[in-house]
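The values are calculated or read from the model by the stated rules, or taken from the named source; none is laboratory data. It should be emphasised that the depicted structure is a prediction, and the values quoted were computed from it without experimental measurement. All Cβ positions, glycine included, derive from the backbone under ideal geometry; neighbour counts span all protein chains shown.
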Amino acid sequence: MRGFILAAGFGTRLRPLTDHIPKALVKVAGKPLLGHALEFFAENGIHCIGVNTHYLPEQIEAYGNESAIKFTQFHEAGEIRGTGGALHFVRSFLDCDETFVIANADIIARYSFSEALRHFEQSDALCMLLAFPTKGRGTIFYNTHTHEYIGTPVDSIECQEKSGADFTGTTFYKREFLNFVQADDFSIVPVWLRALRNGGKVLVHVASEGFWRDVGSPKALLDIHCEIIDGVVELPVSGEMVVDRSGKRCVHRSVKISKNTGPYSWIESAHVSPATHTSRTLYYAEAQEVKELELNNKIVTEWGILPVV
């Protein structure tokens, strides 16, 4: 089975951070998003991995040269292709195996991969969307009884037996699905519908356990670090970082905790001033000392401070 990670996006919601690095290299708990995706694939037995790039590809290439988990980079020159176009662009890589899985670099998802894969391989579906139970309307709809994909909230759906779920950006495919992908496709949604119209089956697998987080905005980036502190999200934390559950903070061993180190302070750098009061603040390792005496709902990077609204 092959894995493919979508890492071509511009990450506009994370500017000015992504003015300097590609979104896939934004760090969560000290590790680039791409690294989290690579590790999850490798932990689940996927070692033939492709990654598409578009924006600042040389940085991802440099990361790949140092990564213990190797991957093949596919650079999209010219216009960005979207998910549909990406599949067409790398079809010669994907169709070498009977099945493959696609994941977004900016979404961290942890679930029973073996359960999802078994469900997919035992079905006659051409593709299967990985989702989680929704607390709202959901981003996709499926038939409550058959779990077949119906559509999205923007579609006109007439089905009394429908349920909603939140799509994680991860999709399992059989090689035959590539027959429905065309050169001018951009979004993958019309390709799913094309497959359905031509008799293909598209399933939705709703994970029973685990978590998923879209880390594509400053708020989401800060939130996931707060959730790691709370133990809601379980991601590995460097041994150089000390998680203080009772004080609700995580700081580098070189940082002296003071009364100014407030709740949900994630501080990776000793450059933070002892006089600066922090709360709900992500202070990256590469960040230099800042003059602000109050940091709340802020992400401090080596290129400046991102406000979180």
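Close contacts from region 240-259, counting a first residue that is on the phi > 0 side of the Ramachandran plot and a second that is modelled with pLDDT of 90 or more and in a loop (DSSP other than H, G, I, E, B), with Cβ to Cβ under 7 Å and a gap of 6+ residues or different chains, come to 248/263; 248/264. Looking only at region 99-111, decide whether some residue is buried (at least 22 other Cβ atoms within 10 Å of the Cβ), in the same structural domain as residue 8 (by TED's automatic domain parsing), in contact (Cβ under 8 Å) with a residue 24 or more places away in the chain and charged (D, E, K, R). Within region 99-111, one or more residues are buried (at least 22 other Cβ atoms within 10 Å of the Cβ), in the same structural domain as residue 8 (by TED's automatic domain parsing), in contact (Cβ under 8 Å) with a residue 24 or more places away in the chain and charged (D, E, K, R).
For the residues 280, 249, 245, the requirement of being surrounded by fewer than 14 Cβ atoms within 10 Å (Cβ to Cβ) and under 27 Å from residue 110 (Cβ atoms) singles out 245. For region 187-219, the set of residues classified as closer than 11 Å to residue 126 by Cα and touching a residue at least 60 places away in the same chain (Cβ under 8 Å) consists of 192, 195, 200, 201, 202, 203, listed by residue number. Strands (runs of 3 or more DSSP E) fully within region 188-247 that include at least 2 residues being closer than 25 Å to residue 165 by Cβ: 202-206, 211-214.
Here residue 118 passes the criteria (1) touching a helix residue (DSSP H, G or I) at 6+ places or on another chain (Cβ under 9 Å); (2) free of Cβ contacts under 8 Å to residues at least 24 places away in the same chain except the one numbered (1).
Restricting attention to region 205-237 and to residues that are among the β-branched types (Val, Ile, Thr) and within 16 Å of residue 169 (Cα to Cα), the residue that is nearest to the chain's Cα centre (by Cα) turns out to be 215.
Listed by position, the helices (runs of 4 or more DSSP H) enclosed by region 14-114 that each have at least 3 residues that are within 30 Å of residue 124 (Cβ to Cβ) and modelled with pLDDT of 95 or more are 33-43. On inspection, residue 249 fails the criterion of being among the charged types (D, E, K, R) and farther than 30 Å from residue 135 by Cα. Name every residue in region 223-232 that is surrounded by 14 or more Cβ atoms within 10 Å (Cβ to Cβ), free of Cβ contacts under 8 Å to residues at least 60 places away in the same chain and hydrophobic (A, V, I, L, M, F, W, C), in order of residue number. Of everything in region 223-232, those that are surrounded by 14 or more Cβ atoms within 10 Å (Cβ to Cβ), free of Cβ contacts under 8 Å to residues at least 60 places away in the same chain and hydrophobic (A, V, I, L, M, F, W, C) turn out to be 226, 229.
Residues in region 159-218 that are among the polar types (S, T, N, Q), touching a Ser or Thr at 6+ places or on another chain (Cβ under 7 Å) and surrounded by fewer than 17 Cβ atoms within 10 Å (Cβ to Cβ): 1 in all. Among the residues making up region 34-71, those that are touching a residue at least 60 places away in the same chain (Cβ under 8 Å) and either over 19 Å from residue 107 (Cα atoms) or among the aromatic types (Phe, Trp, Tyr) (or both) are 40, 41, 71. Set side by side, the residues 251, 242, 204 differ, and just one is β-branched (Val, Ile, Thr) and in contact with a Phe, Trp or Tyr (Cβ under 6 Å, 6 or more places away or on another chain), which is 204.
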